[in-house]
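Below is one structure, written out as C-alpha cells, with a few remarks after it.
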Amino acid sequence: MFFRMSLFKSTLALLSLLTWTTHQYAIAFTLSGRNSPNRFHSQSYSKIAHYLPGNVEERKRCMTILHQRIDRHTDDHPDQTSLPLFLQQQNIDDKLSQVICAAARACADISQELSRLPISSSRQSNQKSPKGGETNVQGEVQKPMDVIANDIFIHEVIDYVGVMASEEEEHVIEGKLMDFDRINAYEIAFDPLDGSSNLDVSVPTGTIFGIAPFSSEKKSPFTSSGRSLCAAGYAVYSSSVELVISLGQSGELGAHGFTLDPLLKSEEGKDYDFILTRPNMLCQEMGAFYSLNDGREPDWPDGLKRWVHDAKRGKTPSATVYSSRYICSLCADFHRTLIKGGWCGNPRPHLRLLYEAAPLSHIAEACGGRGSDGQTDLLDILPNGLHDRTPVFIGSIRDIDELVSYGDIQQGAKSYGN
C-alpha cells in the first residue's frame, strides 16, 4: 500500500513538473513576441496544448496567443517568408494585412474543397445535391462548388471589411466590423471561383479579389475606378496553389507570388500557410503568346482579325511570330501570361469589371504590364453597377499597345452555348 501511494505521489509530482515546464515553455514563447517566417508543425502545437493547465477554454485562449505570437521558425524551413511576415516587412497597415490574410485563408480552404471534389461528386452522383443548380445574378447556372466557394470566402473575410461584393451575390454584403473599426476600413470585391465550368475535367481554376479603402460616408461602395484599389490578388488552384498579390495604388508597391505549403498546418488542421516564392514579379514587355478562343474568330471585329492574322505570320510591327495558348480559365491564362509574357483576354463584354478585370489589371500594372478594354485602360473605367461587364485585353505592355493600335478589337455582346 505504501509503495502504491509513493508511486502515485511520484507520478503526480512528475506530471506537475512536466505541466509546469511546458507551461513556462509556452509562456516564454508567447511573451517573446518573435515573428520569424513559419509556424511549428501542428503536432508540436498538439503536444503543448495537451499539457497546458486549466480548463478547456483557458487552453484555447492560451493556444490562440501561442499561434499569434509564437516563433514560427523551424529547422526544416529556416529561410522562408510567410505571407503575414511579408506584409509586416512591407509595412502594410494592420487592417489591410488582416483582409489580405483572411482572403488567403479563404483561398486555402477553397483549395482543400477542390482537392476532394471528384470524391465528393462521386458520392453525390446518386443523390440530390443540397446546393447548386440555381441561376445566379450573372444568369449562370451555379455548380455546388460555386456556392461552397462563395460561402467560404464570405465566412473568412466578413469580419475584417466594411462591405463585400461577390460575383455570386446580387447586392452588397455588409461586413461585421464594429462602428469604431469601420474608420480606415476596406471593401473587397471578389470572384470566389473563376473557371468553374472546367471543374468536371480538373482544369485549373482560381479566385480573384480587389481591395479598396472603404468610407462609411460614401453613399454607394464600389463606385470608384480601379485606381482606388490598394491591393488585389488571385489564386490558381493547380498542381500547386499559388497566390499572387499586388500592393499600392496602381500596384506601385509591386506584385509578389506565394505558394501554399501543405506541410504547414494551422491550429484547426487546415493548410493556409503561403510561402513567398515569386518576389517582385515582372511581366516581360513583350511576349510570344496570345490567349483567346480562336473558335470565335468568325464573330471577331476586323481589327482583332487583322492582328491575329499578322501575329501568326510575324507581320505585326514587332515582327514577332506568336503562338496561341488558351485554357479557358482566366486565372490560369493570366498567370501564364504574367510569367511568360504576351496577352490574354476576351473581346466580348463578358468579364466582370469589379471582380475580374480591375483586380487583374492592378496586378498587371504592378508587374509592368497593362490592361485595356481595347480603348481605355481597365483601371480608369468607372463602374455603373456591381456587375458591369467589359472586354478585356491584359498582359505585356508592348503587346497590349500594339494590339490596341490596330483599332476595332472590341466585339459586341453575344452568348455562346459552349
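The values are calculated or read from the model by the stated rules, or taken from the named source; none is laboratory data. Keep in mind the model is a prediction, meaning the values are calculated, not measured. Glycine also receives a Cβ, built like all others from the backbone with ideal geometry; neighbour counts cover every protein chain displayed. Ligands, DNA and RNA are excluded from the accessible area calculation, which covers all protein heavy atoms including side chains. Shrake-Rupley method; radii C 1.70, N 1.55, O 1.52, S 1.80 Å.
Of all residues in segment 160-174, those satisfying the criterion of being open to solvent by less than 30 Å² (accessible area, probe 1.4 Å) and either in contact with a Lys or Arg (Cβ under 8 Å, 6 or more places away or on another chain) or over 18 Å from residue 213 (Cα atoms) (or both) are 162, 167, 168. Here 339, 245 are screened, and the one residue that is out of contact with any strand residue (DSSP E or B) (no Cβ under 6 Å at 6 or more places or on another chain) and closer than 21 Å to residue 371 by Cα is 339.
Taken over segment 195-215, the residue count meeting the criterion of being in contact with a Leu (Cβ under 8 Å, 6 or more places away or on another chain) and either open to solvent by less than 10 Å² (accessible area, probe 1.4 Å) or among the basic types (Lys, Arg) (or both) is 7. Scanning segment 366-400 for residues that are in contact with a Cys (Cβ under 9 Å, 6 or more places away or on another chain), part of a loop (DSSP other than H, G, I, E, B) and closer than 22 Å to residue 169 by Cβ yields a count of 0. Annotation note: Cβ proximity below 7 Å between a residue of segment 229-248 that is farther than 21 Å from residue 113 by Cβ and touching a residue at least 40 places away in the same chain (Cβ under 8 Å) and a residue that is open to solvent by 20 Å² or more (accessible area, probe 1.4 Å) and in a strand (DSSP E or B) (sequence gap 6+ or interchain) occurs for 230/213.
Each row is one residue, and each column tells you yes or no for (1) under 26 Å from residue 140 (Cβ atoms); (2) at pLDDT 95 or above; (3) among the polar types (S, T, N, Q).
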position: 394; (1), (2), (3): yes, yes, no
position: 405; (1), (2), (3): no, yes, yes
position: 408; (1), (2), (3): no, yes, no
position: 412; (1), (2), (3): yes, no, no
position: 415; (1), (2), (3): yes, no, yes
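What about residue 226, is it more than 12 Å from the chain's Cα centre (by Cα) and closer than 19 Å to residue 359 by Cα? The answer is yes for residue 226.
Determine whether residue 223 is assigned to a loop (DSSP other than H, G, I, E, B) and on the phi < 0 side of the Ramachandran plot.
Working: assigned to a loop (DSSP other than H, G, I, E, B): yes; on the phi < 0 side of the Ramachandran plot: yes.
Criteria met by residue 223.
Kindly establish whether residue 360 is over 24 Å from residue 195 (Cα atoms), crowded, with 21+ Cβ neighbours inside 10 Å and in contact with a helix residue (DSSP H, G or I) (Cβ under 9 Å, 6 or more places away or on another chain). For residue 360, the condition - over 24 Å from residue 195 (Cα atoms), crowded, with 21+ Cβ neighbours inside 10 Å and in contact with a helix residue (DSSP H, G or I) (Cβ under 9 Å, 6 or more places away or on another chain) - is not met.
Each row is one residue, and each column tells you yes or no for (1) at pLDDT below 95; (2) in a strand (DSSP E or B); (3) basic (Lys, Arg); (4) buried (at least 19 other Cβ atoms within 10 Å of the Cβ).
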{"site": "126", "(1), (2), (3), (4)": "yes, no, no, no"}
{"site": "158", "(1), (2), (3), (4)": "no, no, no, no"}
{"site": "187", "(1), (2), (3), (4)": "no, yes, no, yes"}
{"site": "191", "(1), (2), (3), (4)": "no, yes, no, yes"}
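Selection of segment 311-334 for residues being in contact with a Ser or Thr (Cβ under 9 Å, 6 or more places away or on another chain) and buried (at least 21 other Cβ atoms within 10 Å of the Cβ) yields 311, 322, 329, 331, 332, 333, 334.
If you go through segment 366-387 one residue at a time, how many are buried (at least 18 other Cβ atoms within 10 Å of the Cβ) and acidic (Asp, Glu)? The number of residues fulfilling the criteria is 2. What do you reckon, is residue 363 among the β-branched types (Val, Ile, Thr), within 30 Å of residue 220 (Cα to Cα) and in a helix (DSSP H, G or I)? Judged against the criteria, residue 363 is a match. Open to solvent by 50 Å² or more (accessible area, probe 1.4 Å) and aliphatic (A, V, I, L, M), is that true of residue 152? When the stated conditions are applied, residue 152 does not pass them.
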